[in-house]
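The values are calculated or read from the model by the stated rules, or taken from the named source; none is laboratory data. Source: prediction; values computed, not measured. Here the Cβ positions follow ideal geometry from the backbone for every residue, glycine too, while neighbour counts run over all protein chains shown. Remember, those area values only see protein heavy atoms, side chains included, never the ligands or the DNA or RNA. Shrake-Rupley method; radii C 1.70, N 1.55, O 1.52, S 1.80 Å.
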Amino acid sequence: KALARIGGRTFLETAVQLIRDVRLKPVVITSAERDYSFLDCKIYTDLIADQGPLGGLYTASRIFPDQALLVLSCDMPDVRLHHLKLLISSFKEACSITIFAPNGKIEPFPGIYHASVADSILDRILSGRRSVSDWIRQTGFTHQVPLKCQPQNFVNVNYKEDLEQFQKYPLKMQKGRR
């Protein structure tokens with residue numbers, strides 16, 4: 001799904017560009033070795049295979065200890081620059097996790113995660129529980145940023161049918177990436 005295209009760019013290129021647009025250095029964490037050299041950024045493979053987004057978050061937390069990490073997933077093609085700017089401006093250092101709660105619902109990505117959450121993530125992985133949302137609810141120390149948004153802004157595109165549904169949204173919403 002990272003290489004699915006919309007508006008002339010892959011989902012992954014869109015996510016990487018958003019990170020650059022907020023003047024941060026993008027890094028891609030992937031579940032398998034792939035040639036993403038066209039992205040011109042560092043690429044890392046999950047430290048623990050087959051753990052989904054929680055495994056990617058664990059990997060990032062171990063690679064960048066003692067840092068707050070802005071984390072996007074590549075399968076949310078309608079997250080916008082203004083969303084990231086709001087998330088960053090809402091970040092609270094006292095909280096390990098800063099995420100959106102669009103229309104009252106927890107949304108793990110995009111999010112800001114302090115690398116100190118790595119041990120908590122590892123405990124979840126070792127217990128066989130891989131739901132990021134459930135883990136967030138369990139951790140406490142979460143700052144939830146309320147947000148009113150369009151339903152498609154946080155659509156997660158996992159399957160071809162999801163992409164087809166997303167493409168039915170008005171074209172102006174798909175084009176305006178900023």
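Some points to look at:
- The smallest convex shape that holds all Cα atoms of segment 35-135, its convex hull, gives 121 Å³ per residue.
- For the listed peptides 22-29, 74-81, 33-40, 100-107, a ranking on the average number of other beta carbons within 10 Å per residue, highest first, reads 74-81, 100-107, 22-29, 33-40.
- In this calculation the C-beta distance from residue 160 to residue 137 is compared with R0 = 22 Å, giving a FRET efficiency of 0.15.
- Tail weight of P(r) past 25 Å, computed on alpha-carbon pairs of the chain, percent: 30
- Lys, Arg +1 and Asp, Glu -1 on Cβ, resulting dipole of the chain about Cα centre, debye, nearest 20: 700
- Legend: residue pairs 105/148; 25/85; 1/85, Cα-Cα distance threshold 20 Å; pairs beyond threshold, 1/85.
- Applied to segment 57-63, the Karplus parametrisation 6.51 cos²θ - 1.76 cosθ + 1.60 on θ = phi - 60° returns per-residue 3J(HN,Hα) values of 5, 4, 4, 4, 5, 7, 6 Hz, with x for Gly and Pro.
- Cα centroid of segment 47-85 to Cα centroid of segment 7-41, whole Å: 12
- Residues of segment 47-107: accessible area per residue with a 1.4 Å probe, Å²: 44
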